[in-house]
Amino acid sequence: MVKLRGRLQTQKMADLPVDRLTPMPPFTSVGLDVFGPWTVTTRCTRGGSADSKRWAVLFTCMSTRAVHIELIETMSTSSFINALRRFFCIRGPAQILRSDRGTNFVGACNELQIDHKDTELNSYLQEKGCTWLFNPPHSSHMGGSWERLIGVARRILDGILLKAVHVQLTHEVLSTFMAEVMAIMNARPLVPVSTDPDKPNLLTPAMLLTQKVNALSAPTGSFGPPDLYSKQWKQVQCLADSFWKQWKSEYRSTLQQRRKWTDDKTNIKVGDVVLLKDALAHRNDWSMGKVVRTFESKDNKVRKAEVKTVKDGNEKVFLRPITDMVLLLSSDK
């Protein structure tokens, strides 16, 4: 009965990590993700044009909530290191890089041939005094502080650039467009709009980065679909206008606070028998396993664990969040 009707495990929501609350320069602690690719025209030939692909690395500051985007040209670790180098040169060195192991990021890393265990990459990060931390697989909610921004931006960008598939984008146009996207995202309010007339200004990531109250204004004029086939600067403004309209409609709906995971729950323990959730399989086909290792947070709450399963005589160990587990039998019984 528990196997068919048992609920997935939950735990009280953890306190914010120290790097979210400690006063530090912007982009000292960073969450990142890779998305794309998009096709750009690199050179024109007599028979048409030569195209190549571009990807983007989106960095979001854990404390100021600001974002930074860097384009990647080639599928190599060296190209990714170059993007990190440009990011560090502009924003200063980071101490912590955070990312998830979701299919989007892992797939992008595989496509870009980026290995977080790569000796060249690790030696570069070590020289910069930087640490790369990964969340456990299937636990995107643990990176909600940057996943929401990245998810909304990625959906809008993919939708806009998909509509402009017949437009010949150049690297310069795409690079300028990403700068416009950064400006729009960094101009969003960090706190609810105040009705106090003595507080007319809204706190935004751009204010924390530039120390300037007024946001960058867009060029005057009306830009529509015909401008996609006009001058390059008009192409950029047309794409930026489209991003701004969708950003307002999709991002605002995410600002509503959701209250959940407010109660303490019994921790998963070593020796517990659990059912592992598999979104691609029927519940009757979910694997049964035994918890072999737990990971306690600073508040002594277990939110992820390693589970050993046996299938067809083969043993496997999976690292999973407890939200993907159904407790079948406690080791205490």
Please report 74, 204 as a ranked list, fewest other C-beta atoms within 10 angstrom at the top and most at the bottom. 74, 204
Residues other than residue 296 with Cβ under 10 Å of its Cβ, Lys/Arg counted +1 and Asp/Glu -1, net out at +3
For 275, 71, 239, order by how many other beta-carbon atoms lie within 10 Å, fewest first: 71, 275, 239
Net charge near residue 264: determine it from the other residues with C-beta under 10 Å of the C-beta of residue 264, scoring Lys and Arg +1 and Asp and Glu -1. +1
Go from 0 up to the bin containing the longest alpha carbon distance in segment 256-320, width 10 Å each, and give me the % of pairs per bin. 19, 41, 29, 9, 1
Ranked from fewest to most other Cβ atoms within 10 Å of their own Cβ, 263, 312, 158, 241 fall in the order 312, 263, 158, 241
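Laboratory data are not the source of any read-out in this text; all were calculated from the coordinates shown. Worth saying up front: this structure is predicted, and the values here are computed from it rather than measured. Counting neighbours? That spans all protein chains shown, and the Cβs are built from the backbone with ideal geometry, glycine included.
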